[in-house]
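Every number here is computed from the coordinates shown, using simple stated rules; none is lab data. Keep in mind it's a predicted model, so treat the numbers as computed, not measured. With ideal geometry, Cβ positions are generated from the backbone for all residues, glycine too; neighbour counts draw on all protein chains shown.
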Amino acid sequence: MSDSTATAAKGVALGAVEIDGRRLRSKRTRQYIVDAYLALLRESPTVPTAAQIAERAGYSVRSLFDRFPDLLALSLAAADHAYAQAVAQAVLRNADADRATRIRTQIETRGQTCEQWLPLWRALTRNLHHSEELDLRVRRMREAVLVRLELMYRPELGTLDADRRRGTLIALEAITDFESWGRMREVFGLSVEGACETWIRVVDRLLPPTPVALRAVS
């Protein structure tokens, strides 16, 4: 390889490293802005302004809008981040355990999710139906809850016909939604543990009896 060729190759490699470095810094900046947005939502029910978010993240408003065209785009990025985090945290456990263990596992996992992400959920639903992308994300979150409910309570739901099964799933999802959690915690002043115990009792009463064969195994 000639000196000129080697120099050119070295320049290309350095350029690639520089581009990768800029992308990494930009990705970090985006995440810092998302984290700042989420932190402000947890501190106040009022949706933060671009200036407040930028100040918390340690960047200028211009830098914020260089990464996100508007605050809706930022909220969508926050929703994607929250969904990925919730999926990672809510690993399916004890799906084959006895009834009481399954109910407690599902409720405690759901309670942790609601406690962490309630402020973001409220911010997202304020703009519901104003953005098709936002509607899709909210629907995806609700569908994920339904899938988990079906998996955790398969023995009991399997005893019902299609209509009653669907009605029970809808009721379970409604009972354990974000706003239900918010009312228990904020309006009635329940602790995290107290709110979980309330949900556990209600879900146990709502579910049909566990099949005798499964109870015998458990």
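In plain terms, the chain from LEU160 to LYS27 could stretch by 43.1 nm, reckoned as 0.36 nm per residue minus the Cα-Cα distance. Measuring r between the beta carbons of ALA95 and ARG139 and using R0 = 35 Å, the FRET efficiency lands at 0.90. Rounded to the nearest Hz, the phi-derived 3J(HN,Hα) couplings of region 78-90 under the Karplus curve 6.51 cos²θ - 1.76 cosθ + 1.60 (θ = phi - 60°) are 5, 5, 5, 4, 5, 4, 5, 5, 5, 5, 5, 7, 9, where x marks glycine and proline. The distance between label points at GLU150 and ASP66 comes to 4.6 nm (points 7 Å beyond Cα on the Cα→Cβ vector).
Here the Gaussian network model covers the chain, with springs between Cα atoms less than 10 Å apart; of VAL145, VAL61, VAL91, VAL91 fluctuates the most. Rounded, prolate or oblate, given the Cα gyration tensor of the chain, with a/c below 1.5 counting as rounded? It comes out prolate by the Cα gyration axes.
How big is the Cα convex hull of region 63-166 in projection, averaged over all directions, in nm²? Could the numbers behind the result be given before it?
Working: hull surface 31.8 nm².
Average of the hull's projected areas for region 63-166 equals 7.9 nm².
Going by alpha carbons, how many degrees (0 to 90, nearest 10) lie between the helix axis of 162-175 and the longest principal axis of the chain? The angle comes out near 60 degrees. Comparing LEU128, LEU74, LEU157 in a Gaussian network model of the chain (Cα springs below 10 Å), the most mobile by mean-square fluctuation is LEU128. Each of GLU108 and VAL202 was given a label point 7 Å from its Cα along the Cα-to-Cβ line. The distance between the two points is 2.0 nm.
Working from Cα pairs under 8 Å separated by at least six residues, relative contact order for region 23-161 is 23 percent. Remark: region 135-145, residue by residue, has Karplus-estimated 3J(HN,Hα) of 4, 4, 5, 5, 5, 4, 5, 5, 5, 5, 5 Hz, where x stands for each Gly or Pro and the curve is 6.51 cos²θ - 1.76 cosθ + 1.60 at θ = phi - 60°.
For region 27-42, backbone phi angles converted through the Karplus equation (6.51, -1.76, 1.60; θ = phi - 60°) give residue-by-residue couplings of 5, 5, 4, 4, 5, 4, 5, 4, 4, 5, 4, 5, 4, 5, 4, 6 Hz, Gly and Pro being listed as x.
Using a/c under 1.5 as the rounded threshold, could you call region 95-218 rounded, prolate or oblate? The axes a ≥ b ≥ c are square roots of the C-alpha gyration tensor eigenvalues, and prolate needs a/b larger than b/c, oblate otherwise. List each step's numbers first, then the result.
Working: a/c = 2.43, a/b = 1.48, b/c = 1.64.
Taking the square roots of the gyration eigenvalues as a ≥ b ≥ c, region 95-218 is oblate.
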